[in-house]
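The values are calculated or read from the model by the stated rules, or taken from the named source; none is laboratory data. These numbers come from a predicted model, not from an experiment. Please note: Cβ atoms are built from the backbone with ideal geometry, for glycine as well, and neighbour counts cover all protein chains shown. All accessible areas refer to the heavy atoms of the entire protein, side chains included, with ligands and DNA or RNA removed. Shrake-Rupley method; radii C 1.70, N 1.55, O 1.52, S 1.80 Å.
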Amino acid sequence: MNNSYQNDQLVLKNGQDINGSVKWQSPSNIALVKYWGKRAIQIPNNPSISFTLNEAHTITSIEYSPLKPHQDWITFEFEGKKEDSFLNRIERFLKSLHPIFPFLQQLHLNIKSSNSFPHSSGIASSASSMSALALCLCSIEDNLFSTLQEKEAFFMKASHIARLGSGSASRSIYGKLAAWGISKYIDHSSDLHAVGHNDVHSTFKHFHDDVAIISGDKKSVSSTAGHALMDTNIYASKRYEQAKMNMKRILDSMASNDMEQFIEIVEEEAMTLHALMMCSNPSYMLMKPNTLTCIERIRAFRKESNLPIMFTLDAGPNVHILYPDNIKEEAAQFIQEQVMELTENNRIIYDQVGDGPKMIK
Ligand code: PMV
């Protein structure tokens, strides 16, 4: 297995026909067991598993042509406009990939990207955008060198590259459920790339994730800074042990359709993520008052209705409301009556488990 993917053979020859274009649509994902804390180059300190989403996605296209002398090597447009802050991040990322894709130094790239969800919606876009970019780069490699003809090898490399851009993006490469990080409970699991995990009861392949947008404001502490604070968090080692055990427990619950256990773990993971932020040094908090009210309402509704509706949280104030497809009417009514008023401008993003990225011809 190739661990580093460094390959100095991937260089274009004089006279090679190299004009072309690639386009991918890649989804966001929501972690059930959370990745929080990393080392070295995007190596997770614990394994994680997520639902791949369907509606929240990024579409990225890249037109490539021979780089002319004095030409900018990248042009980048986000939703039809030049965005310098994104351009800088992409430029730094692509430069760091030169040992893996040396041919990038010989190309001019015209990159265009857009999201299916509003930019200020508080939905993290790094998973969908970095996975879409990684898929495009692997497609360019394959178009130019025919080195990734095998589907499995193609997606493994795309997941590896996506991970280098944003850890959680590695999981967006696979549909339904994906796991990243070594776990003895997942076959072929790796710290370097994610793997698809479909060994679950069919209920979990049709789950809903409706995101109540409590605030679309930019986060006060970025995920990068949050991961770094785990290095000095006194609870870190216990947390990593808990996550490893929660992998086993959640996999068991999904294989046997033990909804009670599934709910317990999903909510514990969300609460732990935010508790870790609150006991970091310096401490910080990303939940808002309405995040807590929403959580309380979900728990109260679950108790009184006996329906399997639950919450999880990403690194932000928005509440992901998870439930199986067979209670969608009851969930819709609950959200309308009790959650909508807690959101910013009545914003709910209705999503569900999806099939993963699509190449657009
Ligand atoms: O992929 P990053 O570096 O933005 O980290 C994301 C971490 C969480 O979204 C909070 C959890 C996860 O596993 O997705």
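Here are the numbers for this structure:
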| item | result |
| --- | --- |
| Among 219-232, 241-254, the order from most to least packed when residues are scored by Cβ within 10 Å on average | 241-254, 219-232 |
| Computed [θ] at 222 nm, deg cm²/dmol, the chain (DSSP H ≥ 4; -39,500 (n - 2.57); rounded to nearest 500) | -11000 deg cm²/dmol |
| Loop GluC sites (Glu not before Pro), region 102-207, which have at most 13 other Cβ atoms in a 10 Å radius of their Cβ (DSSP) | Glu150 |
| Burial ranking of peptide ranges 336-343, 78-85 (average Cβ count within 10 Å, highest at the top) | 336-343, 78-85 |
| Within region 203-352: Cβ-based charge dipole about Cα centre, in debye rounded to nearest 20 (Lys, Arg +1; Asp, Glu -1) | 460 |
| Solution diffusion estimate, µm²/s, Stokes-Einstein, region 3-199, Kirkwood Rh from C-alpha pairs, 37 °C, viscosity 0.692 mPa s | 192 |
| Net charge, Phe101 excluded, C-beta distance under 12 Å - Lys, Arg +1, Asp, Glu -1 | -1 |
| Accessible surface of the chain, 1.4 Å probe, proportion on carbon and sulfur as whole % | 49 |
| For the chain: accessible area per residue (Å², 1.4 Å) | 46 |
| Chain lengthening between Gln338 and Lys184 when straightened (0.36 nm per residue, less Cα-Cα) | 51.4 nm |
| Rg over Rh [alpha-carbon atoms, Kirkwood Rh] for region 224-343 | 1.00 |
| Charge sum, other residues only, whose C-beta stays under 14 Å from Met285's C-beta, Lys/Arg counted +1 and Asp/Glu -1 | +1 |
| The chain - convex hull of the alpha-carbon atoms, volume per residue in Å³ | 136 |
| Out-of-range pairs (alpha-carbon distance over 26 Å; input Lys38/Lys358; Lys82/Lys219; Lys38/Lys218) | Lys38/Lys358 |
| Charge dipole magnitude, Cβ of K and R +1, D and E -1 - the chain, Cα centre, debye nearest 20 | 840 |
| Interchain or long-range residues, amide H under 5 Å from Leu32's placed H | Ile49, Ser50, Phe51 |
